[in-house]
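Novice: Right, I'll just put the structure down here and ask away after.
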Amino acid sequence: MLHPEPYRVHERPPTVEELRALYAAVGWTDLPDDDAVARGLSASLFGVVVTLGPDLAGCGRVVGDGGVYFYVQDLIVAPAHQGRGVGDIVMRELLRRLERQATRNAFVGLMAADGRAGFYERYGFAARPPGSPGMALAWDAGRTPAAPRRPGPPASDR
């Protein structure tokens, strides 16, 4: 058995309600509307939900193309269950599934929350090297992707 009792592992992505509850519990507020979240969750390659009796303890999921690119997403542990190995349960279960699905030289990435890189390093993840920055775009539905924003003066010069 990979996890301590009495935690129970459910091999499925979280529901919209479960994901919203965990986001709220850890102070994250940036989820889109329920329809968008439901579409995203249903497109997960696989996921894990951990409970302790009726309590939601944590979750995690993997998204990607299922062949070349895999991303660990939404690995969240409720504050009442932090420090009790729930994050390890979720990560081990996700890696176990990746071992079955990902092939040699597949890319497995993630974005670690501030101060959490050490947790992922224990599982072999490493920060990107200097000169190879990771990037992200916070999508604004009013922005046309074909029209890049022009760089302006630094915020301190405005």
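The values are calculated or read from the model by the stated rules, or taken from the named source; none is laboratory data. If you're wondering where the values come from, they're calculated on a predicted model, not measured in any experiment. For neighbour counting, all protein chains shown are included, and Cβ atoms are generated from backbone atoms with ideal geometry for every residue, glycine included.
Novice: Out of the residues in region 36-61 that are of a type in the set (A, V, I, L, M) and out of contact with any helix residue (DSSP H, G or I) (no Cβ under 6 Å at 6 or more places or on another chain), state the one that is surrounded by the most Cβ atoms within 10 Å (Cβ to Cβ).
Specialist: The extreme case among them is Val49.
Novice: Something else about it: How many residues does region 37-51 hold that are assigned to a strand (DSSP E or B) and under 13 Å from the mean Cα position of the chain (by Cα)?
Specialist: The number of residues fulfilling the criteria is 4.
Here's the yes/no breakdown for (1) modelled with pLDDT of 85 or more; (2) assigned to a loop (DSSP other than H, G, I, E, B); (3) among the small types (Gly, Ala, Ser); (4) at positive phi:
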site: Gly118; (1), (2), (3), (4): yes, no, yes, no
site: Ala126; (1), (2), (3), (4): yes, yes, yes, no
site: Pro129; (1), (2), (3), (4): yes, yes, no, no
site: Gly134; (1), (2), (3), (4): no, yes, yes, no
site: Ala141; (1), (2), (3), (4): no, yes, yes, no
site: Pro145; (1), (2), (3), (4): no, yes, no, no
site: Pro148; (1), (2), (3), (4): no, yes, no, no
site: Pro151; (1), (2), (3), (4): no, yes, no, no
site: Ser156; (1), (2), (3), (4): no, no, yes, no
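Novice: Looking at region 62-76 only, could you name the residues that are touching a residue at least 24 places away in the same chain (Cβ under 8 Å) and buried (at least 19 other Cβ atoms within 10 Å of the Cβ)?
Specialist: Val62, Phe70, Val72, Gln73, Asp74, Leu75, Ile76
Novice: Which residue pairs have Cβ atoms under 9 Å apart, sit 6 or more places apart or on different chains, and have a first residue in region 78-99 that is crowded, with 19+ Cβ neighbours inside 10 Å and a second that is of a type in the set (Ser, Thr, Tyr) and assigned to a loop (DSSP other than H, G, I, E, B)?
Specialist: Matching pairs, first to second residue: His81/Tyr7; Val86/Tyr7; Ile89/Tyr7; Met91/Tyr123.
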